[in-house]
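Let me begin by presenting the structure, written as structure tokens, before commenting on it.
The values are calculated or read from the model by the stated rules, or taken from the named source; none is laboratory data. Quick caveat: nothing in here was measured; it's all calculated off a predicted structure. FYI the Cβ positions are ideal-geometry reconstructions off the backbone, even for glycines, and counts take in every protein chain you see.
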């Protein structure tokens, strides 16, 4: 049993006994076998147990009152807790705590649907409920509402929303924007409801998230300021049809022209989603398991000192019949409206070079709902999963090329041509953010310890260099929280110091998720 | 959605994880499989836009020597199923007792081994 630093073994065991009194002995897990089930399934520290963040024990409550009691007991014995909703945040640390020895508060059994309102399009749910559970519940009700789900769908709407995850139905793909009222157990065990939920008998908890006074929902996202036990989400009505189009050119320089035309359409609400990429540059990528379909010369250009000139890439694209620039747009809704939007978009893009191609419409009834798809990634059968490098950048051609070239150069500096070939180049596609974009680069985990360590060094270097260029991570695995928080260093880390001030005020014993988001309580903070 | 599927889902939604000794129930194991395993282990070609990961990997691994869909296998042993569910394998993550309880796992094993030609102890 791993005893956390700063807690005596006697206190740790006394706390476990009191946890058992609250939830029953069957739901406190202390055996090596049971606690191992809370490890990060995709940890890059496989084979290096001394470096792996591990839990000390786990406790699984079913009610808010039990969560409150667990938090109060943890304060009494100074036992660190780490709560998760479903612990399926794979690629970002999963169920593992940022501070070893923490007792996991496994909220999976708190999986009730409190309310679904079809006309007002909202739901109130508990954290252990998964996207798949909720989709099935909506289906059983005959509901016309849709969750904004990521794939795989075994994660939790609450957990995903609080970690700033993305889905396929929310505006910008931003699931936290769909979170309205929260119910939170604070670090002292007190229960808080945010926004209009703070009004006794409130009818507007799920309607108006701001309430009165400071808006604090964000303090409970990617944080260690409380344990969220309920959340109100807005839902999206099913759309009749989802329609896509592309416009492609053999000239790299057309990319910015496409952006200048597509982004205003997105801003006007004509497009639900849009994207921009360079297919010839992406054509060698196989990090996600795709077999490269591009010509071998892609790697020759990638490996060259300047990464290939625009002329070289355009020539390669032409000789390979693969576009150098591609813009994408999508719209969704009632068929007559989508038809009009498509015609309008076509008209607006009329003067642009390249072919305008209309995709096959996808009807709402064809949507399969959240699933446990890993898709083609599964081809990498020898891997032990992956972790994500996920920087944000501006949706402007200059920035897209700059971040891609920066990543390429860092990989070459690390002499990691395998990783460079896997990555190649990244644009973005589909529904999702508009003014910013995301790179989601998978670092596969292998049996080879040296290779995993080499990749971790590369990851840290990429985070540092991209941070210095203004491209921070939006989310990161539990073992990289400090590294990423260091990117946000304006004015001598004023943001982190503010977080620490709040942490010390509301969690003076430092028991909730020490180290989450790089926020350490005073008792564990390195000076 | 078919009525049968709707019924299975309705039953699944009403079932929490339970513990305690009981006779293994293959019918309930089918429900557990539907909730936890189908997403990755449904037969090819799946209805999804991407191939179900587990089935796809097993197909590449066995090259037709054994069925790639777990529900078509008649050689899986209880120990093999238990170990894989609890510990995971390669990209497949481990599954905790708060997700599939010990009794649910017994039922899942009963379901996946019900057509075995050779019977194994648990």
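For region A:13-31, give me each residue that is surrounded by fewer than 21 Cβ atoms within 10 Å (Cβ to Cβ) and at the interface with chain B (Cβ under 8 Å from one of its Cβ atoms).
Selection gives A:26 alone.
Results for (1) touching a strand residue (DSSP E or B) at 6+ places or on another chain (Cβ under 8 Å); (2) touching a residue at least 24 places away in the same chain (Cβ under 8 Å); (3) more than 25 Å from residue A:79 (Cα to Cα); (4) part of a loop (DSSP other than H, G, I, E, B), shown as yes or no for each residue.
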{"site": "A:455", "(1), (2), (3), (4)": "yes, yes, yes, no"}
{"site": "A:482", "(1), (2), (3), (4)": "no, yes, no, no"}
{"site": "A:488", "(1), (2), (3), (4)": "no, no, yes, yes"}
{"site": "A:494", "(1), (2), (3), (4)": "no, no, yes, no"}
{"site": "A:500", "(1), (2), (3), (4)": "no, yes, no, no"}
{"site": "A:510", "(1), (2), (3), (4)": "no, yes, no, yes"}
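Is there a residue being more than 27 Å from residue A:442 (Cα to Cα), modelled with pLDDT of 95 or more and part of a helix (DSSP H, G or I) anywhere in region A:324-336?
Yes, because at least one residue in region A:324-336 is more than 27 Å from residue A:442 (Cα to Cα), modelled with pLDDT of 95 or more and part of a helix (DSSP H, G or I).
Being more than 27 Å from residue A:104 (Cβ to Cβ) and at the interface with chain B (Cβ under 10 Å from one of its Cβ atoms) is the filter here, so list the residues in region A:125-141 that pass it.
Passing the criteria: A:139, A:140.
Report whether or not residue A:34 is within 14 Å of another protein chain (Cβ to nearest Cβ), in a helix (DSSP H, G or I), within 20 Å of residue B:87 (Cα to Cα) and under 31 Å from the mean Cα position of the chain (by Cα).
yes
Residues checked against (1) within 30 Å of residue A:274 (Cβ to Cβ); (2) touching a strand residue (DSSP E or B) at 6+ places or on another chain (Cβ under 9 Å):
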residue	(1), (2)
A:162	yes, yes
A:167	yes, yes
A:177	yes, yes
A:200	no, no
A:205	no, yes
A:215	yes, no
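Hey, among A:109, A:88, which residue is within 11 Å of another protein chain (Cβ to nearest Cβ) and over 21 Å from the mean Cα position of the chain (by Cα)?
Of A:109, A:88, the one residue that is within 11 Å of another protein chain (Cβ to nearest Cβ) and over 21 Å from the mean Cα position of the chain (by Cα) is A:109.
I'm trying to understand the selection: among the residues of region A:139-172, which are surrounded by 21 or more Cβ atoms within 10 Å (Cβ to Cβ), assigned to a helix (DSSP H, G or I) and out of contact with any helix residue (DSSP H, G or I) (no Cβ under 7 Å at 6 or more places or on another chain)?
A:158, A:159
Please work out which residue is nearest to residue A:90 (Cα to Cα), limiting yourself to region B:57-78 and to residues that are within 14 Å of chain A (Cβ to nearest Cβ) and in a helix (DSSP H, G or I).
B:57
Taking region A:306-362 only, how many residues are at negative phi and surrounded by fewer than 18 Cβ atoms within 10 Å (Cβ to Cβ)?
Summing the residues that are at negative phi and surrounded by fewer than 18 Cβ atoms within 10 Å (Cβ to Cβ) in region A:306-362 gives 32.
Please determine whether any residue of region A:56-69 is surrounded by 24 or more Cβ atoms within 10 Å (Cβ to Cβ), in a helix (DSSP H, G or I) and within 28 Å of the chain's Cα centre (by Cα).
yes
Within region A:385-404, is even one residue at pLDDT below 90, within 23 Å of the chain's Cα centre (by Cα), within 14 Å of chain B (Cβ to nearest Cβ) and assigned to a loop (DSSP other than H, G, I, E, B)?
Looking for residues that are at pLDDT below 90, within 23 Å of the chain's Cα centre (by Cα), within 14 Å of chain B (Cβ to nearest Cβ) and assigned to a loop (DSSP other than H, G, I, E, B), one finds at least one in region A:385-404, hence yes.
Exactly one of (1) within 19 Å of the chain's Cα centre (by Cα); (2) part of a strand (DSSP E or B) is unmet by residue A:222. Its number?
(2)
Going through region A:238-267 one residue at a time, which ones are farther than 27 Å from residue A:311 by Cα and out of contact with any helix residue (DSSP H, G or I) (no Cβ under 9 Å at 6 or more places or on another chain)?
Residues satisfying the conditions are A:244, A:266, A:267.
Among the listed residues A:400, A:449, which satisfies the condition of being surrounded by 16 or more Cβ atoms within 10 Å (Cβ to Cβ) and either farther than 30 Å from residue A:271 by Cβ or in contact with a strand residue (DSSP E or B) (Cβ under 7 Å, 6 or more places away or on another chain) (or both)?
A:400
Among (1) within 11 Å of the chain's Cα centre (by Cα); (2) surrounded by fewer than 18 Cβ atoms within 10 Å (Cβ to Cβ); (3) at pLDDT below 95, where does residue B:82 come up short?
Unmet condition: (3).
Return only the number of the condition from (1) more than 16 Å from residue A:1 (Cα to Cα); (2) in contact with a strand residue (DSSP E or B) (Cβ under 8 Å, 6 or more places away or on another chain); (3) modelled with pLDDT of 95 or more; (4) crowded, with 18+ Cβ neighbours inside 10 Å that residue A:38 does not satisfy.
The number of the failed condition is (1).
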